[in-house]
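Asks: Mind having a look at this structure? Questions to follow.
Readers should treat all values here as calculations from the given coordinates under stated rules, not as data from a laboratory. Quick caveat: nothing in here was measured; it's all calculated off a predicted structure.
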Amino acid sequence: MLREHGVVRNFETLAGTKSGETVPVLVSAAPIDIGGDSCLVAIVADIGDLKRAHEKIRHLNESLEDRVRQRTSELEFANSENGSICLFRIARSAGPAARPRRLRIAPAGGLRFPT
């Protein structure tokens, strides 16, 4: 890659440590000339902590999205239940000509009229 492009910037790869462990690293390298000698300057940064932090954030975001979906579902159910109660109140306040009926919330959140 260095030969093809002349420099390498922020190349993510795995590197081995002295203890034999493999860690994710970010590598940047460029050729330089020092007193007529061609040299290579390279920076290798361990990004293991960064990768773990990103994974934790991803997991927390997924958990939050699940909680938002659950809460949205609960609110939709509550709103449909409240809408049913409002319909019942409107029917009761329609006057003596209207026959008031009790509405029951079905387990799935629907309405059932008693016969």
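Asks: In region 30-56, what count of residues is obtained for those that are outside any strand (DSSP E or B) and under 38 Å from the mean Cα position of the chain (by Cα)?
Replies: Of the residues in that region, 10 qualify.
Asks: Under the condition of being closer than 20 Å to residue 52 by Cα and small (Gly, Ala, Ser), which residue from region 1-18 is farthest from the chain's Cα centre (by Cα)?
Replies: Restricting to residues being closer than 20 Å to residue 52 by Cα and small (Gly, Ala, Ser), the top hit is 16.
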